[in-house]
Each structure stands twice: as structure tokens, then as C-alpha cells.
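Q: First the structure, then my questions, so here it is.
The values are calculated or read from the model by the stated rules, or taken from the named source; none is laboratory data. Just so you know, these numbers come straight off a predicted model, no measurement behind them. Cβ sites come from the backbone with ideal geometry, for glycine too, and all protein chains shown count toward neighbours. Areas reflect the complete protein model, heavy atoms only, side chains present, ligands, DNA and RNA absent. Shrake-Rupley method; radii C 1.70, N 1.55, O 1.52, S 1.80 Å.
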Amino acid sequence: MKEIALETSKRLTIDFASLLDKEVTISGMIQNLRVLSWGAFLILRTPEYTLQAIIDKEKINLPLEQLMIESAVSITGIVKQAKIKDKALFPRDYEIQITEIALISTPGCDALPVDTTKKEMIVHLDKKFDLRPLTLRHPSDRAVFKIAATILNEFGNYLTSIGFTRISSPKINYTGAEGGANIFKIDYFGREAFLAQSPQFYKQMMVGVFGRVFETGPVFRAEKHATSRHLNEYISLDFEMGFIDSFMDLIKVEANALNAIFSKIKLECANEVDLLGITVPELNKIVCVEFEEVHEIVYTLYKKDYRGEKDLAPEEEKIISEHAKKEWDTEFLFVTHYPSSKRPFYTMDDPENPEKTCSFDLIFRNLEITTGGQRLHKYQDYIDKMTKLNMNTDTFESYLQAFKYGMPPHGGLGLGLERLTAQICGLSNVKEASLFPRDINRLEP
Ligand code: AMO
């Protein structure tokens with residue numbers, strides 16, 4: 001038996017101002033090493049910083065040749081004031097004059113397969129994904145995922161602050177929730193099972209338990225086509241809320257959650273925002289337009305005839321999004337009342353016109369990032385709707401228990417993390433906002 005004393009875990013932050021002209025020791029990976037006649041600039045990537053350190057080759061304990069980009073080192077040196085312009089570096093007003101370097105580990109290869117030291121990594125997207133453990137270390141790629149992490153955290157923090165409870169639902173399921181052919185089948189000990197397309201059924205069931213719930217987690221879509229907006233696995237940010245009067249209640253919560261996220265990005269990712277040269281949006285008003293109205297506007301003003309279509313084509317989303325920006329001064333457009341024939345069975349039809357639903361999508365900078373709506377909450381309404389759609393109610397018996405035993409009026413939404421991140425970061429392909437993207441051709445790394 002061995003007993004080990006408990007120690008408080010600490011952040012690896014340095015109070016540079018109070019350590020000016022004093023010694024510090026810090027570990028990290030060598031992001032860049034610019035060798036000059038007198039020594040080198042060493043850029044060190046640590047959990048908290050990408051900082052500049054200066055090596056005077058006359059005063060250092062080991063030959064510069066032993067240092068490689070992506071070596072793990074521990075440096076000791078004196079904190080000095082600096083004026084650094086490179087936006088990839090943080091802090092920019094301090095640097096470290098190295099007195100000693102301990103080489104902890106060196107890469108297991110002679111040369112890295114891609115240059116991660118330049119402002120822009122010149123590499124084909126496929127190659128970039130093949131080399132993801134390395135290419136994610138580039139400051140711009142890393143910045144995208146710092147922003148994605150902030151979105152994920154703040155979505156949870158904001159919803160928790162207004163009384164939502166976090167849930168984690170199973171991803172191996174007995175049936176799909178969203179209908180359609182884009183579902184992965186798996187062999188579950190000889191039984192057919194499916195990978196979750198969304199946490200839809202479970203978040204609804206959990207409204208009966210907690211009243212307000214949210215989940216952030218992976219979902220799976222067997223999209224057989226390669227597009228810049230589809231992944232086969234993505235992170236879905238979902239919430240479900242009881243006792244709503246209408247789907248407008250959901251839109252309001254989403255608007256507030258997004259604004260909380262945007263404020264947090266401004267606060268905690270200022271360096272990343274600066275490095276990427278992006279503008280963090282603000283959702284300062286809720287602008288809604290009905291689905292049919294979109295077809296009419298696009299037809300009348302932009303001469304594209306999508307009337308009769310039951311969904312918005314990517315081109316139509318782009319046109320109406322640009323129209324919203326120009327005419328209604330918003331980057332966020334809530335398109336409401338999608339046709340019943342295009343929405344899943346659990347969606348509530350509009351009591352005034354059953355051809356339409358009490359549902360919405362949110363389009364942000366030309367791309368749908370959210371689908372949401374009010375759900376049916378009465379058991380008999382489910383039975384009637386499913387019978388009308390020729391669905392086998394027996395298959396859904398375990399889900400339908402929730403409604404049989406009583407549910408409040410409720411609704412919710414699903415927001416694609418990669419789509420939101422891509423639009424905030426100005427990425428043209430949603431895969432670039434996925435750490436290790438899964439598409440029809442890619443299963444690794
Ligand atoms: P939906 O299927 O529209 O709705 O998905 C919700 C949001 O998830 C994102 N998304 C995707 N992102 C990347 N790749 C994909 N293949 C992909 N498919 C969808 C989009 C989309 O708006 N259960 C409902 C939500 C709800 O009503 O609560 C659902 O999953 O951003």
C-alpha cells in the first residue's frame with residue numbers, strides 16, 4: 001500500500017507583470033524555431049500561451065541543433081517586456097530570455113510532413129485531415145477549436161443558469177428518431193440497432209422528468225453525398241423545454257443562448273478572434289419569416305422559382321440570408337412554419353393550417369444551423385399522426401410511454417456545433433470545424 005498526498009491542481013498561468021525581470025520555468029512544445037546568427041527565437045506552445053522566448057546561443061546549455069520543431073521542452077528564463085506584432089502569439093507584451101533548456105522529448109521523425117510554422121498552412125484539405133494530429137497544432141486551426149470549445153461550454157453554462165439540466169442519452173438505439181434513409185445500422189449482439197441521428201426521443205422523455213433539459217454530444221448521419229455542409233458524425237447541441245406557449249419561446253431561448261456564447265467568445269477568445277480576423281456576430285433582434293414567404297421573396301425579387309418545394313435548397317438559403325442582411329439588417333433569420341410533409345412525425349402541426357408546422361430553422365450567414373419546433377405532447381395525437389403516416393406504433397412503444405403517462409406542452413431544437421463554428425470562423429467547409437471529420441471517404445485519423 002502506498003499513500004500519496006493530495007495536491008491542489010493548478011492552471012499553468014504565469015503572472016508576467018509581477019514576474020518582470022524574474023525567473024520562470026515553463027514546459028511546452030516548440031511551435032517554431034527561427035535560427036539567426038546570434039541564437040534563435042523559440043515559440044513555445046503551452047496549454048495557456050503561445051509565447052516567444054529568446055535563445056542566446058553563447059549562453060545556452062545545449063546546442064541549437066538538438067532542438068526541433070515539435071520537441072517537448074522545459075525552458076527557464078527571465079521575463080522581459082516585449083512588443084510582439086505576430087497575432088499568433090500570446091502574450092505579446094512579454095517574452096522570456098532563456099537561460100536553460102531541458103529537452104524532454106523529440107519527434108520520432110527527421111522532418112515534419114507539413115510546415116506548421118507559416119502564417120498559412122499550404123496543404124490540400126485531404127492531406128490536412130490525414131495529418132490532423134499535427135495540422136491541428138497550427139495556430140489558426142487551434143484557434144477554431146478554442147472557439148468551438150467555448151461555444152460548447154457556454155451553451156451548457158447558459159442553459160444551466162436558466163434551470164436546464166444536462167442529460168446524456170444513449171447513442172446505440174432501437175430505432176431512428178428523424179426518419180429518412182440517413183441512418184447507420186449496426187449489429188448489436190445479433191440484433192439490428194441504429195446509431196442515434198439525434199437525442200430527440202430521449203430529450204423529450206426527459207422533459208417529463210426535469211422540465212428543461214439539454215444535451216451536447218455526437219450524433220450520426222449516414223449522408224452518402226460529399227458536401228461542404230454535411231458530416232457523418234457531428235456534435236449536436238440540443239435543448240428541450242416544457243411548458244412553452246409556442247415555438248417563439250424556443251426562439252427566444254436560442255437567441256439568448258447564442259448571445260451568451262458570442263459574449264463569451266469575445267471575452268475568452270479575443271486572441272483567436274484577432275488571429276482569425278473574424279467578426280463575432282450579435283443577435284440583437286429576432287427576425288422571423290414564414291417558409292412560404294421565403295419562396296415568394298426569392299421568386300419575386302431574385303427570379304428563382306422554388307415555389308412548391310417542401311424544403312429550402314442551399315441556394316435559396318443563401319439568397320434569403322443575403323436578403324435578410326441587406327433589407328432587414330440581420331445575420332440571423334428564423335424561417336418558420338415548414339410544411340408538415342417535410343417535418344418528422346413528432347412535430348406539432350399549426351392548429352390554423354395543418355399543412356404547416358409549429359417549427360423553424362435558423363439560417364446564419366447563408367447556412368441552416370438549427371432546426372427546432374413545438375412537439376406533439378398528447379398520447380392520442382401521436383397515435384393519430386403515426387397511423388396517418390403508416391408508421392408502426394409498436395416500434396415506438398417505449399418512447400410513447402412518456403406521452404401515455406403525461407407530458408406538458410414542450411419543444412426544443414438541435415444546433416450543429418460544426419456549422420455554427422464554421423460560420424463564426426468564416427470556414428467554407430464544415431469539416432474544417434470538426435476535429436477528426438467523418439465523411440463518406442474518411443474514417444481516420
Ligand atoms: P436536424 O436534422 O435538422 O434536426 O438537425 C439539426 C441541426 O444539426 C445540424 N446538422 C448537421 N451538421 C453537420 N452535418 C450533418 N449531416 C448535419 N445534419 C444536421 C444542422 C441542423 O440544423 N431533432 C431535430 C432537432 C430538433 O427539432 O430538436 C434534428 O436533429 O445545424
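Q: With the Cα gyration tensor of segment 296-445 giving a ≥ b ≥ c as the square roots of its eigenvalues, does the rule (a/c under 1.5 for rounded; else a/b larger than b/c for prolate; else oblate) give rounded, prolate or oblate?
A: Verdict is oblate for segment 296-445.
Q: Another one. How large is ³J(HN,Hα), in whole Hz, for each residue of segment 222-231 in order, when computed from phi with the Karplus curve 6.51 cos²θ - 1.76 cosθ + 1.60 and θ = phi - 60°, using x for Gly and Pro?
A: So the J values, rounded to whole Hz, are 7, 6, 8, 10, 8, 10, 7, 10, 10, 10.
Q: Give the angle, between 0 and 90 degrees and rounded to the nearest 10, that separates the Cα long axis of helix 247-268 from the longest principal axis of the Cα atoms of the chain.
A: Between the helix axis and the principal axis of the chain, the angle is about 0 degrees.
Q: Now, a different point. What does the accessible area per residue of the chain come to in Å², with a 1.4 Å probe and no ligands, DNA or RNA counted?
A: Spelled out: the 1.4 Å probe surface of the chain, per residue, equals 50 Å².
Q: Here's another thing I want to ask about it. What do you get for the angle between helix 200-210 and the principal long axis of the chain? Use alpha-carbon atoms, 0 to 90 degrees, nearest ten.
A: The angle comes out at about 90 degrees.
Q: Something else now. Using every pair of alpha-carbon atoms in segment 191-316, split the distances into 10 Å bins beginning at 0 and state the percent of pairs per bin, rounded to integers.
A: For segment 191-316, the pair-distance distribution reads 10, 22, 36, 27, 5, 0.
Q: If I compute solvent accessible area with a 1.4 Å probe over the protein chains, what percent of it on the chain is carbon and sulfur?
A: So the carbon and sulfur contribution to the accessible surface is 51 percent.
Q: Listed here are the pairs K85/K326; K224/K310; K285/K431; which of them are more than 24 Å apart at the Cα? Working shown, then result.
A: On the way: K85/K326 35 Å; K224/K310 21 Å; K285/K431 30 Å.
Cα-Cα > 24 Å for K85/K326; K285/K431; rest within.
Q: Packing-wise, with mean Cβ within 10 Å as the measure, how do 80-91, 228-239, 55-66, 411-422 rank, highest first?
A: 411-422, 228-239, 80-91, 55-66
Q: Can you tell me how segment 17-105 classifies by the Cα gyration tensor, rounded, prolate or oblate, using a/c under 1.5 as the rounded cut?
A: Verdict is rounded for segment 17-105.
Q: Dimensions of segment 362-426 along principal axes (Cα, Å, largest first)?
A: 45, 25, 17
Q: Shape call for segment 128-239 from the C-alpha gyration tensor, a ≥ b ≥ c root eigenvalues: rounded (a/c under 1.5), prolate (a/b greater than b/c) or oblate?
A: Note, shape of segment 128-239 comes out oblate.
Q: Given the pairs K171/K404; K342/K378; K59/K146, which span a C-alpha to C-alpha distance of over 29 angstrom in this model?
A: Table pairs above 29 Å Cα-Cα are K59/K146.
Q: What percent does the relative contact order of the chain come to when contacts are Cα pairs within less than 8 Å and at least six residues apart?
A: That works out to 13 percent.
Q: Can you tell me, using C-alpha contacts under 8 Å and at least 6 residues apart, the relative contact order of segment 17-105 as a whole percent?
A: 32 percent.
Q: Relative to the first principal axis of the alpha-carbon coordinates of the chain, what is the inclination of helix 139-161, with its axis defined by its Cα atoms, in degrees from 0 to 90 and to the nearest 10?
A: 50 degrees
Q: Step by step: find N for the chain, compute 2.2 N^0.38 Å, then divide the Cα radius of gyration by it. What's the final number?
A: Compared with the compact-globule rule of thumb, the chain sits at 1.16.
Q: Another question, then. In segment 139-433, what percentage of the DSSP-assigned beta bridges are antiparallel, given to the nearest 5? Mind dumping the intermediate values first?
A: On the way: 42 of 47 bridges.
If I count the DSSP bridges inside segment 139-433, around 90 percent turn out antiparallel.
Q: On to the next question. Which pairs break 20 Å Cα to Cα here: K80/K119; K22/K80; K266/K325; K185/K385; K22/K83?
A: From K80/K119; K22/K80; K266/K325; K185/K385; K22/K83, over 20 Å: K80/K119; K266/K325; K185/K385.
Q: Oh, and also: Would you kindly state how much longer the chain becomes between D21 and K342 on full extension, computed as 0.36 nm times their sequence separation minus their alpha carbon distance, in nm to one decimal?
A: 109.0 nm
Q: HN-Hα J couplings of segment 413-425 from phi, Karplus 6.51/-1.76/1.60, θ = phi - 60°, integer Hz, Gly and Pro as x?
A: Whole-Hz 3J(HN,Hα) from phi for segment 413-425: 7, x, 10, x, 4, 5, 5, 5, 4, 4, 6, 5, 8.
Q: At 222 nm, what helix-only mean residue ellipticity would the chain give, in deg cm²/dmol to the nearest 500, using -39500 (n - 2.57) for each DSSP H run of four or more? It would help to have the intermediate numbers written out before the result.
A: On the way: 11 runs with 127 residues, N = 445.
When only DSSP H runs of four or more count, the value is -9000 deg cm²/dmol.
Q: About its Cα centre, how strong a charge dipole does the chain have in debye, to the nearest 20, once Lys and Arg get +1 and Asp and Glu get -1 at the Cβ?
A: Details: 54 positive and 64 negative charges, 131 e Å.
For the chain, the charge dipole is close to 620 debye.
Q: Relative contact order for segment 217-266 using alpha-carbon pairs under 8 Å, separation at least 6, rounded to a whole percent? Before the final figure, lay out the partial values.
A: Values: 23 pairs, mean separation 13.3, N = 50.
Averaging sequence separation for qualifying contacts and normalising by length gives 27 percent for segment 217-266.
Q: Between segment 4-47 and segment 347-371, how far is it from one alpha carbon centroid to the other, in angstrom?
A: For segment 4-47 versus segment 347-371, the Cα centre distance is 50 Å.
Q: Note down the Stokes-Einstein diffusion coefficient of segment 179-228 in µm²/s, whole number, using a Kirkwood radius over alpha carbon pairs, 37 °C, and 0.692 mPa s.
A: Stokes-Einstein gives a translational diffusion coefficient of 254 µm²/s.
Q: What percentage of all Cα-Cα pairs in segment 275-380 are separated by more than 18 Å?
A: Numbers: 2791 of 5565 pairs.
That fraction is 50 percent.
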